[in-house]
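*Asks:* First, the structure itself, so that you have it in front of you.
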Amino acid sequence: MQSEAYKLTGAAAVASAAGFMLRWLQNINILDEETGLADKAPISTIVILYIIIAVVALVGYAIHLRQYNAPKESKTALATHTPIYEAALYAIAALMALSGVMQMLQAGENLWPGMYRIGGLGTILGAVGLLFLAVGSKDKEKAQRNRRVGAGLLILFGAIWLISAYKDAATDPVLWRYAPEILAICAVLMAFYYMAGYYFDTPHPMYTLFFCELGAFLSVMSAIDDMPMAEALRYAAVALLLFLWGFLITENLQKPETPLKLDEEI
């Protein structure tokens with residue numbers, strides 16, 4: 001279902017870019033220059049409505065895709081006939097590792113340096129998790145074990161990211177400064193959780209696809225916020241990863257009359 005994959009990923013990318021611009025407009029219009037607090041502005045209502053419309057559209061499209069057969073094993077759900085998947089995982093892992101190292105080096109500039117270092121360490125663990133997913137093995141049991149470790153590390157990364165982001169935002173009186181970020185991290189964490197189902201024999205393809213697209217959308221939207229480059233790189237890496245997973249899951253959907261293919265281990 002390559003056409004559906006291009007259609008969904010393209011639409012999600014365009015929606016993400018529009019959300020990025022709306023969030024930028026919100027950031028420059030809602031804050032009072034004297035008090036630093038948020039003012040009431042129509043752009044905030046527009047942002048809320050836009051996110052709701054995006055979620056409803058994504059739910060509708062996920063329901064539309066339920067007419068197709070969704071592979072339940074990772075080797076078929078994420079099958080590709082080129083080495084692009086492994087190469088992309090290595091590239092995204094490198095980007096995440098760079099983000100994590102930069103966070104640890106810049107921790108002294110943060111209000112909570114200890115928690116910021118932990119967040120950086122969590123990002124590095126996420127990069128290691130991607131490497132476990134990318135590294136194959138001729139021994140299928142060892143490959144499966146590696147991927148379970150990788151999936152677990154990604155969930156741990158998401159949890160640490162959420163805790164560190166909440167700690168950083170705890171003293172901020174302006175809800176709009178961090179609310180979209182918290183929503184984005186929650187969606188990313190759910191995407192990691194459901195993706196892990198492929199490696200622990202409890203897959204939920206449509207939930208996985210939904211949270212991959214939602215997490216990517218909100219990550220791109222949040223990347224325009226006032227944050228260090230290290231954090232922006234983390235959002236970029238996660239968005240690329242989730243777009244990639246969403247594309248492959250959709251591409252490998254099959255028409256109901258088509259028997260599920262048992263592709264080679266990726």
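The values are calculated or read from the model by the stated rules, or taken from the named source; none is laboratory data. Everything numeric in this text was worked out from a predicted model, so none of it was measured. Note that we place each Cβ from the backbone using ideal geometry, even for glycine, and neighbour counts take in every protein chain shown. Each accessible area value is taken on the protein alone, full model and side chains, heavy atoms only, with ligands, DNA and RNA left out. Shrake-Rupley method; radii C 1.70, N 1.55, O 1.52, S 1.80 Å.
*Asks:* Return the only residue of Ala187, Ala169 being surrounded by fewer than 19 Cβ atoms within 10 Å (Cβ to Cβ) and over 18 Å from Asn252 (Cβ atoms).
*Replies:* Ala169
*Asks:* Just the residues that are buried (at least 24 other Cβ atoms within 10 Å of the Cβ) and among the aromatic types (Phe, Trp, Tyr), please, taken from segment 204-218.
*Replies:* Matches in segment 204-218: Phe211, Phe217.
*Asks:* Follow-up question, since we're still on this one. Take the residues of segment 36-49 that are part of a loop (DSSP other than H, G, I, E, B) and more than 17 Å from Asp226 (Cα to Cα): which is modelled with the lowest pLDDT?
*Replies:* Asp39
*Asks:* If you go through segment 203-217 one residue at a time, do you hit one that is in a helix (DSSP H, G or I), in contact with a Cys (Cβ under 9 Å, 6 or more places away or on another chain) and not β-branched (Val, Ile, Thr)?
*Replies:* Yes, there is a match, as at least one residue in segment 203-217 is in a helix (DSSP H, G or I), in contact with a Cys (Cβ under 9 Å, 6 or more places away or on another chain) and not β-branched (Val, Ile, Thr).
*Asks:* Residue by residue through segment 219-243, note down the ones that are in contact with a Pro (Cβ under 9 Å, 6 or more places away or on another chain) and either open to solvent by 10 Å² or more (accessible area, probe 1.4 Å) or closer than 29 Å to Ala143 by Cα (or both).
*Replies:* Asp225
*Asks:* May I pose another question? Out of the residues in segment 45-54 that are of a type outside the set (Phe, Trp, Tyr) and either crowded, with 16+ Cβ neighbours inside 10 Å or free of Cβ contacts under 8 Å to residues at least 24 places away in the same chain (or both), state the one that is farthest from Gly246 (Cα to Cα).
*Replies:* Thr45
*Asks:* Do any helices (runs of 4 or more DSSP H) lying entirely in segment 70-189 carry at least 3 residues that are more than 21 Å from Leu244 (Cβ to Cβ), touching a residue at least 12 places away in the same chain (Cβ under 8 Å) and under 16 Å from the mean Cα position of the chain (by Cα), and which ones are they?
*Replies:* Filter on segment 70-189 gives 140-169.
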